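Q: Before I ask anything, let me first share the structure, which is written out below as structure tokens.
The values are calculated or read from the model by the stated rules, or taken from the named source; none is laboratory data. Everything quoted here is computed from the prediction, not taken from an experiment. Using ideal geometry, Cβ is built from the backbone for each residue, glycine included, and neighbour counts are taken over all protein chains shown.
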Amino acid sequence: MEKYYVAHNGIQKGPWELSEISLKLASKELGWNDYIYDQKTEDWVLLLEFSALTESFNKSFKNPIVEPRKVKAIADPEKDRAWYILKQNNNYGPFSKNEMIQMLQSKTLFEYDFVWRKDQDSWKRLAEIPEFSPEQIKSLYHSWDGDQDGEIFFRRRHARAHYSSSLVVHDRKKVFKAESMEISAGGAGLTVTNINFSIDQELYVHFRPSDQVPAFNAVCKVVSKSGDKYGIQFLTISAIAKDSISRYTAKAA
């Protein structure tokens, strides 16, 4: 049986057979973000990207992908939900291509996120999928009929504008200082260091006053993250604050 070397916490271990690696993954001795040396490509790849372990990886989720839905031969295959997304070590989906594009546009899906479909031999970063290349998305946009059902490219509900303000963020346990990058009546972009908030986590945010918008409080939900940058959606915000933000973003536009 073929054996493989694995890099765990920067230390090379092995060689082990795939069955041994699977057992070590199940016992948490190894993690899916560890690296395995692929002798075919002569390169180190993440265990979750290694095709021989894809089936095991799909079964490792709380919501296992055991028998993924078959892609139907329908008139508009882009409406078929066939894509799965990896976020915070959990799988989400299946989603249609249209939904994936909308998530890209709303910045809840990023080029560096891992995605999978039944016809792939392993999980791949979105940037590696040809049909989601910038050229393909641009081509689809130019060929899009705005009157067709199920809009792919939607208009932003709220205008955005650059907005620099100091904030106080509370996660029900601790208080953190933050800075805003942009704002809209529906949410904001923040920079928060030395903390790792999770997607869908609820936060309480105090925006200090600025020349454009008075001080206000908001109950928010994390909808996207990239390093120390977070996108938050306002769940609860006063009508006065929302109106002030709308007037500011309209003027800034």
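Q: Starting from the stretch 82-97, take each residue that is touching a residue at least 60 places away in the same chain (Cβ under 8 Å) and list its partners that are among the aliphatic types (A, V, I, L, M) and not in a strand (DSSP E or B), counting only C-beta distances under 7 angstrom and pairs at least six apart or across chains.
A: 87/199; 88/199
Q: Same structure again: Applying the selection to the stretch 202-227, what residues are surrounded by 15 or more Cβ atoms within 10 Å (Cβ to Cβ) and of a type in the set (D, E, K, R)?
A: 221, 225
Q: May I pose another question? Before we move on, is residue 23 touching a Leu at 6+ places or on another chain (Cβ under 8 Å), assigned to a helix (DSSP H, G or I), surrounded by 13 or more Cβ atoms within 10 Å (Cβ to Cβ) and at pLDDT 90 or above? Before you say what the answer is, go through the steps one by one.
A: Details: touching a Leu at 6+ places or on another chain (Cβ under 8 Å): no; assigned to a helix (DSSP H, G or I): yes; surrounded by 13 or more Cβ atoms within 10 Å (Cβ to Cβ): yes; at pLDDT 90 or above: yes.
Answer is no for this residue.
Q: Let me ask you something else. Report, by residue number, each residue of the stretch 47-91 that is touching a Phe, Trp or Tyr at 6+ places or on another chain (Cβ under 8 Å), surrounded by fewer than 19 Cβ atoms within 10 Å (Cβ to Cβ) and at pLDDT below 85.
A: Of everything in the stretch 47-91, those that are touching a Phe, Trp or Tyr at 6+ places or on another chain (Cβ under 8 Å), surrounded by fewer than 19 Cβ atoms within 10 Å (Cβ to Cβ) and at pLDDT below 85 turn out to be 68, 81, 89, 90.
Q: For the condition of a type in the set (Val, Ile, Thr), at pLDDT below 85 and farther than 30 Å from residue 96 by Cβ, what is the one hit in 240, 245? So that I can check it myself, show each step before the final result.
A: On the way: 245 fails: at pLDDT below 85.
It is 240.
Q: Within the stretch 101-118, is even one residue at pLDDT 85 or above and of a type in the set (A, V, I, L, M)?
A: Scanning the stretch 101-118, I find at least one residue that is at pLDDT 85 or above and of a type in the set (A, V, I, L, M), so the answer is yes.
Q: Report, ordered by the first and then the second residue, all pairs with beta carbons closer than 8 Å, sequence separation of six or more or different chains, a first member in the stretch 180-209 that is closer than 13 Å to residue 234 by Cα and touching a residue at least 60 places away in the same chain (Cβ under 8 Å), and a second member that is buried (at least 20 other Cβ atoms within 10 Å of the Cβ) and of a type in the set (Ser, Thr, Tyr).
A: Correct list of pairs: 183/163; 183/248; 183/249; 184/249; 185/249.
Q: Quick check on residue 217: is it more than 17 Å from the chain's Cα centre (by Cα), part of a loop (DSSP other than H, G, I, E, B) and either modelled with pLDDT under 90 or not assigned by TED's automatic domain parsing to the domain that holds residue 109 (or both)? Before you say what the answer is, go through the steps one by one.
A: Details: more than 17 Å from the chain's Cα centre (by Cα): yes; part of a loop (DSSP other than H, G, I, E, B): no; either modelled with pLDDT under 90 or not assigned by TED's automatic domain parsing to the domain that holds residue 109 (or both): yes.
The answer is no for residue 217.
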